[in-house]
Amino acid sequence: MTEPANTNFEHEGGSDSALERLKLFSDAVIAIALTLLVIEIRLPEAHHLSEAQLWSTLISLWPRYLAFFVSFLVIGTLWMAHWRKFQLIGNTSPRLLWLNLLFLFSICCIPFATGVLGEHGNLKTAVIVYAVAIIFAALTSSGLSLYASKVGLMKDGVTPEQVKRSVLNPLYTAAVFSVSIGIALFDADLAKYFWLALIGSVFFGNRTAGR
C-alpha cells in the first residue's frame, strides 16, 4: 500500500520547497555536530608548562585525536550518503520528515559518544557505546532510502540499482561497527583500529555512486 505523497506540503509551498527546507536543516544540524567533535579535544587544566611538558600533553591526547578522526569520517560519510539519497528523492511526507529527524537525532548523539570514547577509550563499554551510536546512525540513514522507495517518493527515472546502493552503502558502516562490538569484548584497542576499515566505505560509496 502506497502512502499519499506530501499532500500536506503542497499547500505550504510545494514539494520542492519542503525538500529544500529539509535538506538545508539537515545540512545545518550535521555541520554543528561536526563542529562539536573538536570541542572534545581539549588540554587539561595546567599552567606554566614547559615545551617538553606541552609536547607530552599533546601526545597523550592521541585517543581523543583518534576518536575525532573516526567520528569526522563517519559523519562525513553519512552526510555524503544523505546528500546522494536526496538527489534521488523527489517528494516528501510527514513520515519522511520524522524519519529524517530520527536520523539527525542519531547524528547529534555521536559527539557525546565521541567524548565518552576519548575519555575512556581503553574500556570496552566506551567502545561499545560508541559503536552502537554509529550503528544507529547508519541504520536510520539506510531506512530513509528504504522508506522513500517503498512509498513512491523517489524521482521519476530513479533505477532500482540506485535505490539499492542508497540503502546498502550505509549498511557497510553498520557492519564494520557491529563486528567491532564483538572484537571489543576481547580487545577494546583492536576494535578501535578495526574501525579504520571504514575508510573503505568512502571509496566504496564514491565508486558505486559514480556507476
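Any read-out appearing in this document is the output of simple, stated calculations on the displayed coordinates, not a laboratory observation. All figures in this text were calculated on a predicted structure; none of them were measured in a lab. Backbone-built Cβ (ideal geometry, glycine too); neighbour counts: all protein chains shown.
In whole angstrom, segment 111-176 maps to an equivalent ellipsoid with semi-axes of 33, 10, 7, each derived as √(5λ) from the alpha carbon gyration tensor and ordered largest first.
From least to most packed, judged by other beta carbons within 10 angstrom and beginning with the fewest, K23, K192 follow the order K23, K192.
Couplings 3J(HN,Hα) of segment 142-150, computed from phi: 5, x, 4, 5, 4, 5, 4, 6, 6 Hz, in residue order, whole Hz [Karplus 6.51 cos²θ - 1.76 cosθ + 1.60, θ = phi - 60°; x for Gly and Pro]. Each of A175 and F105 was given a label point 7 Å from its Cα along the Cα-to-Cβ line. The distance between the two points is 2.8 nm.
I need the calculated FRET efficiency for the pair M80 and F25, taking r as the beta carbon distance and R₀ as 30 Å, to the nearest 0.05. It would help to have the intermediate numbers written out before the result.
Numbers: r = 17 Å, r/R0 = 0.58.
Working from the Cβ atoms, E equals 0.95.
Amide H to amide H distances under 5 Å link I89 with K155, where only residues 5 or more positions off or on other chains count and H is placed in the peptide plane.
Stokes-Einstein at 10 °C, 1.306 mPa s, Kirkwood radius from Cα pairs: D for segment 153-196 in µm² s⁻¹?
On the way: Rh = 12.3 Å.
Rounded, D is 129 µm²/s.
With the charge dipole of segment 70-211 set up from +1 on Lys and Arg Cβ and -1 on Asp and Glu Cβ about the Cα centre, the Cα lying farthest toward the positive end among the listed residues L123, A81, F186 is that of A81.
Summing Cβ point charges (Lys, Arg +1; Asp, Glu -1) relative to the Cα centre of segment 69-194 gives a dipole of roughly 400 debye.
Rg ratio for segment 57-211: its Cα radius of gyration over 2.2 N^0.38 Å, N being its residue count, equals 1.10. Three principal axis extents describe the C-alpha atoms of segment 79-127; from largest down they are 45, 20, 14 Å.
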